[in-house]
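Data block below; observations after.
The values are calculated or read from the model by the stated rules, or taken from the named source; none is laboratory data. Keep in mind it's a predicted model, so treat the numbers as computed, not measured. The accessibility values were calculated without ligands, DNA or RNA, using every heavy atom of the protein model including side chains. Shrake-Rupley method; radii C 1.70, N 1.55, O 1.52, S 1.80 Å.
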Amino acid sequence: MWCTLGAMKLATYLETNALSDAAFAETIGVDRTTVMRLRHRGQIPTVPIMKKIADVTEGAVTANDFFGIEAQPSPHQQSAA
C-alpha cells in the first residue's frame, strides 16, 4: 500500500527540523534507506516504527498521516458547537 500523505508530512517534519534521513533513522533505530522509502515513496511503516516516529516527533507525524486519516469530531463535540 502506498500513500504519499505520510511521506509528505514526514518530509516536512524532517526539513523543518533540519534532520537528515540518516540522523532521523538513527533516532528511531532503523537504516537510512528505510527513512528514504518512508519519506520519498510513501511506504507504510510497521507498527513498531510508526510508534517510534510518533514518539520521536512528539505527535507531529502519526500513523494516521500514512493512511490519510484525519481526526473527526465526536458526536458530542459536534453537538456542543
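PRO73 meets all of the listed conditions (1) open to solvent by less than 80 Å² (accessible area, probe 1.4 Å); (2) at pLDDT 75 or above; (3) part of a loop (DSSP other than H, G, I, E, B); (4) not aliphatic (A, V, I, L, M) but one, namely (2).
Condition check ((1) outside any helix (DSSP H, G or I); (2) over 14 Å from PHE66 (Cα atoms)) across all residues:
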site	(1), (2)
MET8	no, no
TYR13	no, no
LEU19	yes, yes
ALA25	no, yes
ARG37	no, no
PRO45	yes, no
MET50	no, no
ILE53	no, no
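Kindly indicate whether ARG41 is closer than 18 Å to GLU15 by Cα, at pLDDT 95 or above and open to solvent by 90 Å² or more (accessible area, probe 1.4 Å). Answer is no for this residue.
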